[in-house]
Amino acid sequence: MTEPLRVLQVSAELFPLLKTGGLADVAGALPAALAAAGCEVRALLPGFPAIMAGVQQAEAVGQFTLPWGETVQVLAATLPASAARPGLRLYVLHAPGLYDRPGNPYEDAQRQPYADNHRRFAALGWGAAHLARGLDAAWQPQLVHGHDWHAGLAHACLRFSPGPRVPSVFTVHNLAYQGVFDAMRFADVGLPQEAWQVDGVEFYGQLSFMKAGLVYADRITTVSPTYAHEIQTPEQGFGLDGLLRARRDVLSGILNGVDETVWNPASDGLIVRHYDAAHRTGKARCKAALQEEAGLAVRRDAPLFAVVSRLTEQKGLNLVLDGIDTIVRGGGQLLVLGSGDHEIERAFAHAAQSRPGCVALRLGYDEAFAHRIFSGSDFTLVPSRFEPCGLTQMYGLLYGSVPLVRAVGGLADTVVDADLATLADHTATGIVFADFTDAAFRHAVRRALALYAQPRAWAQVQQTGMQQNLSWTQAAQRYRAVYDAALVAAA
Ligand code: ADP
């Protein structure tokens, strides 16, 4: 048998240790999926409080000094196995001065990015490079896989640190967050002057961590085929579309999977009743319980629309706000779980106050409640302005909460619009609309209400969605192929 390929995964989040969005779900699911594709993955993480608290058997394997003189201890640790998943070996950067802060890993209590974020994530990059160069004598990666801008600098650190070349792959989960810093920070991060150029980390006179990943990785991936195209256009390239077009031969879109050990209504320990595509009666119990818990009228016949989301501009929630009247007049209900932008929070709070029993809002982040929402709702709304992959529409599919989505990014790749043709050939899985306008969203809601009112068509769409194969198996094989290509490129 051939030896597994040793891969160091580098990210800022990893479910179940720390999660603010889809990145954590992906980082948490990939190692086990990649094991089946012949990889031995270890994950490198910053020592945020939640991560330090969640790991076991942490012991120091070495240390290194950052360009500004601070010393970081590298701990090897274990994320214990659970009933559902095997254990995972981790490296954690123990640097309390950088990471030991309560709350959100990226922002302070006023929701401002930490002023030293360039240092906090340069440390992650240098940690990856030191491990690739053999900091842990017992385990040396053959390839480094970085995720999003937090890990972007790792690719530059690898390229500019002495020693044999270790190939790397960089995955873009969201090009909108780029890790851009004032030019004067460049001196801090410890890269040689030659990295400060248009074909390096310089981005319109600033330092860009995202660009470091895009320039110096051997292969680039993003999280859906459609998004891989979109980011090569000026509309969605956030100033990096030219670079992405220039590197299109090494760029691929690999659709995220769903971790079915976590997201499966037939075995989910967080929901009220189990059910599956063939036996959906349990879902009615989940719905009644959810309506009760959320303070909505307990009505079986009222189509229940749900949003589980970061409340940001990206997610198109102004369309939902405008569409509330259409939902309520059509006999529907709306439940929102999320947190983020204060104005969006306030607008939903106002809507919930003025329509008690029909509209409900839960502010905050609540993993267990999210599971109960997918299990109890009829529709999952994801009307995003842009959406690299999107996970909630996939959870909606598997839980029979029919997704209503905009045809963009991974949403376009995962949901099939219900029309006469797709209903006839049983491929319909949701409602898809194109234009980012209030009118287009309202029309989509009306189509959703009409679908719900036709029990046979409704049941068919719901069931087809629940039967989708969204597992990580295929994606892991594709990542493995990208790894192999990176190894060849770097040889
Ligand atoms: P993004 O990464 O842009 O936030 P995704 O759809 O890819 O969007 O992933 C979002 C993940 O975060 C999903 O697992 C979703 O269930 C979860 N999530 C978002 N907001 C909340 C919340 N307020 N409470 C619980 N889970 C949430």
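The values are calculated or read from the model by the stated rules, or taken from the named source; none is laboratory data. All values derive from a computational prediction rather than experimental measurement. Heads up, the Cβs are rebuilt from the backbone with ideal geometry, glycines too, and the neighbour counts pull from every protein chain shown. Each accessible area value is taken on the protein alone, full model and side chains, heavy atoms only, with ligands, DNA and RNA left out. Shrake-Rupley method; radii C 1.70, N 1.55, O 1.52, S 1.80 Å.
Between Ala115 and Asn469, what is 0.36 nm times their sequence separation minus the Cα-Cα distance? Round to one decimal in nm. Show your work: numbers first, answer last.
Values: separation 354, 0.36 × 354 = 127.44 nm, distance 4.30 nm.
Going from the current span to full extension adds 123.1 nm.
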Between the range 252-325 and the range 426-491, how many Å separate their Cα centres?
15 Å
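How much mean residue ellipticity at 222 nm does the chain get from its helices, if each DSSP H run of length 4 or more adds -39500 (n - 2.57) and you divide by all residues, to the nearest 500 deg cm²/dmol? Can you show the working numbers first?
Details: 19 runs with 186 residues, N = 491.
Using -39500 (n - 2.57) per qualifying helix, the result is -11000 deg cm²/dmol.
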By accessible area with a 1.4 Å probe, ligands and nucleic acids excluded, highest first: order of Ser252, Ser375
Ser252, Ser375
Using amide H atoms built in the peptide plane, which far-off residues or other-chain residues are under 5 Å from Phe433 H to H?
Val405, Arg406, Ala407
Expressed in nanometres to one decimal, the distance between label points 7 Å along Cα→Cβ at Ala349 and Glu293 is 2.3 nm
Those lysines that a straight Cα-Cα span of less than 21 Å connects to Lys19, excepting residues fewer than 8 apart in one chain:
Lys315
Rounded to one decimal in nm, the spacing of the 7 Å Cα→Cβ label points at Trp139 and Gln57 is 1.0 nm
Name all residues of the range 86-122 having a backbone nitrogen under 15 Å from the label point set 7 Å from the Cα of Thr20 along its Cα→Cβ direction, giving them as ranges.
99-122
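Arrange the peptides 418-427, 230-239 so that the one whose residues have, on average, the most other Cβ atoms within 10 Å appears first.
Descending packing order for the listed peptides: 230-239, 418-427.
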State whether the range 99-229 is rounded, prolate or oblate according to the following rule on the C-alpha gyration tensor (a ≥ b ≥ c being the square roots of its eigenvalues): a/c under 1.5 gives rounded; otherwise a/b larger than b/c gives prolate, and the remaining case gives oblate.
rounded
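Please give the length that would be gained between Ala424 and Arg478 if that part of the chain were fully extended, namely 0.36 nm times their separation in residues minus their C-alpha to C-alpha distance (nm, one decimal). Let's see the in-between values first.
On the way: separation 54, 0.36 × 54 = 19.44 nm, distance 3.21 nm.
Computed gain between Ala424 and Arg478 is 16.2 nm.
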Which value in nm describes the separation of the simple spin-label points at Asp108 and His229, placed 7 Å from the Cα toward the beta carbon?
4.4 nm
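Kindly sort Glu313, Glu343 by accessible area of their heavy atoms, largest first, with the probe set to 1.4 Å. Provide the component values of the computation, followed by the final result.
Details: Glu313 115, Glu343 135 Å².
Accessible-area ranking of Glu313, Glu343, largest first: Glu343, Glu313.
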Straight-distance crosslink candidates among lysines, where the alpha carbon sits under 19 Å from Lys211 and sequence neighbours closer than 8 are dropped
none
Gap separating the Cα centres of the range 200-247 and the range 57-113, nearest whole Å:
27 Å
Could you calculate the FRET efficiency of Arg300 with Ala407 from 1/(1 + (r/R0)^6), where r is the beta carbon distance between them and R0 is 35 Å, rounded to 0.05?
0.70
Lysines near Lys283 by alpha-carbon distance under 19 Å, same-chain residues fewer than 8 away left out - which ones?
none
Karplus couplings for the range 241-258 from phi (6.51 cos²θ - 1.76 cosθ + 1.60, θ = phi - 60°), rounded to Hz, Gly and Pro as x?
5, x, 4, 5, 5, 4, 9, 4, 5, 10, 9, 9, x, 10, 5, 4, x, 10
